1. Among what's in region 295-341 and is among the basic types (Lys, Arg) and surrounded by 13 or more Cβ atoms within 10 Å (Cβ to Cβ), pick the residue that is farthest from residue 196 (Cα to Cα).
2. Among residues belonging to region 60-77 that are outside any loop (DSSP other than H, G, I, E, B) and among the hydrophobic types (A, V, I, L, M, F, W, C), point out the one that is surrounded by the most Cβ atoms within 10 Å (Cβ to Cβ).
3. Which residues, taken from region 66-98, are closer than 17 Å to residue 353 by Cβ and charged (D, E, K, R)?
4. Can residue 396 be described as at pLDDT 50 or above and on the phi < 0 side of the Ramachandran plot?
5. Scan region 153-181 for residues that are within 20 Å of residue 103 (Cβ to Cβ) and of a type outside the set (Asp, Glu) and report the count.
6. From the list 218, 121, 201, 192, which one is closer than 30 Å to residue 297 by Cα and in contact (Cβ under 8 Å) with a residue 24 or more places away in the chain?
7. Give 178, 212, 206, 183 a once-over and let me know the one that is surrounded by fewer than 17 Cβ atoms within 10 Å (Cβ to Cβ), in contact with a strand residue (DSSP E or B) (Cβ under 8 Å, 6 or more places away or on another chain) and not assigned by TED's automatic domain parsing to the domain that holds residue 106.
8. If a residue has to be within 21 Å of residue 102 (Cα to Cα), in a loop (DSSP other than H, G, I, E, B) and at pLDDT 60 or above to count, how many in region 14-59 make the cut?
Amino acid sequence: MNTKSIKKLSIALLLSLAAAFGLAACNSSESTSSSSIEGLTGGIAATVNGQEIPEDDVTTYIQSYRSYNGLDDDDAWGNYLVSVGEDVKQFREDFIDYFISQKLTAQACEERGIEVTDEEIDKEIEQMRSYYSSDEAWQTALEQAGLTEESYRDSLRTSMLDEKLQEEIGKEAEPVSETERLETAQMYASFIDGSRRSSHILFNLEDKETAEKVLAMINNNEISFEDAAKEYSEDTSGAEGGDVGWDKINSFVEEYANALSELEVGQVSGLVESQYGYHIIKCTDLFTVPEGGITSADQLPEALLEVIDEQLQSSAKTTAVNDWYKEYKEAADIVINDMPEGLPYDIDLAPYEAAAEAAASSEEVVDDDSLIVDVEDEDAASDEETSSSDAVSDEETASSEAADATSGQPAEISSEAQPER
């Protein structure tokens, strides 16, 4: 993911902080409402079919983005913008585009009669509030996120409207064709080949004695695996006879996965210990790709095919929503006004661009110097090699002369290489 993508992801996180409710807009506990932002200019940043987007709203969120990412200092801000390859104007338009999407969503919902009732919002708030020990803790959490309950309600309404709109448009997606199902099944053939389906019975770690007793009962055919799961398993899957599905489309802890991979269909494992307790595992099915390959999607087990269908349907809905939004936006009357002067995030990037260019040039010079050093090293190595060769030659000559001076027979020199140890 490039830096621009990271920046846009951060924007999305920041602007949805009220709904996510885990992110604070600033590193401090100060509110990020417009009243706490300096350098507001007033005016209108853009209009969407006549509806206005205040410039101060855009400024507030950009300043909150800076604060959240530790970019309050102008030097940090300038270096950051240069590093992601954007100027202030483009950065502003990125945020404005988000506000435009909000306006378009609200307008489309109104046209389609899509609404979010106060009762639905109340239910969501009550659910969120239940995670806190008291009303005081809830209010503190709101304040730390720079929110009031009213602004949180507004954010919930926006996100719930967007969700309902996407569901509505998703219904207009093209149905999944048999050709798509088959092509996807063939694409995943190597991945799902050898997939095992299993059931298990889970016991607490302190209940090993019971686990051993039940395992012996199963092995002695005193009780069926399914009945044992219903009676003894601590896992919710016990109600279904312990069935936990196929390993290729589910995530199992390593100990479980390793034990299952060694089981044949119908085989029951011994006790398998994991962080969750003791498992007794039974392999209930095995899927292997037919010798001639997959020629029909119906060759897959139903559970595997359901996963493929869900993926294709989700992809079709996403495509339908994206196509709709593109057309809806192109048909809208959108006007983005020029950036006003005096915005607190509007700084001159020239010094930071120059510094970045100088740093890049400096790195190139260092690289060139290293090449020169390498060449010099090679020359030195070559000279040393020549000198060494001459010394060997002289030594051989001396050795030959010495041999002639004695018996006339040269000394025996072994050419066998020593084995590596």
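The values are calculated or read from the model by the stated rules, or taken from the named source; none is laboratory data. Just so it is clear, the structure is predicted and the values come from calculations on it, not from any experiment. Positions of Cβ are backbone-derived with ideal geometry, glycine not excepted, and every protein chain shown enters the neighbour counts.
1. Among residues in region 295-341 that are among the basic types (Lys, Arg) and surrounded by 13 or more Cβ atoms within 10 Å (Cβ to Cβ), the one farthest from residue 196 (Cα to Cα) is 329.
2. For region 60-77, the residue satisfying everything is 62.
3. If the condition is that a residue be closer than 17 Å to residue 353 by Cβ and charged (D, E, K, R), then 74, 75, 86, 87, 89 are the ones that fit.
4. When the stated conditions are applied, residue 396 does not pass them.
5. Total meeting the criteria: 12.
6. Step by step, each of 218, 121, 201, 192 is checked, and only 192 is closer than 30 Å to residue 297 by Cα and in contact (Cβ under 8 Å) with a residue 24 or more places away in the chain.
7. None of the others qualify; the one that does is 212.
8. 4
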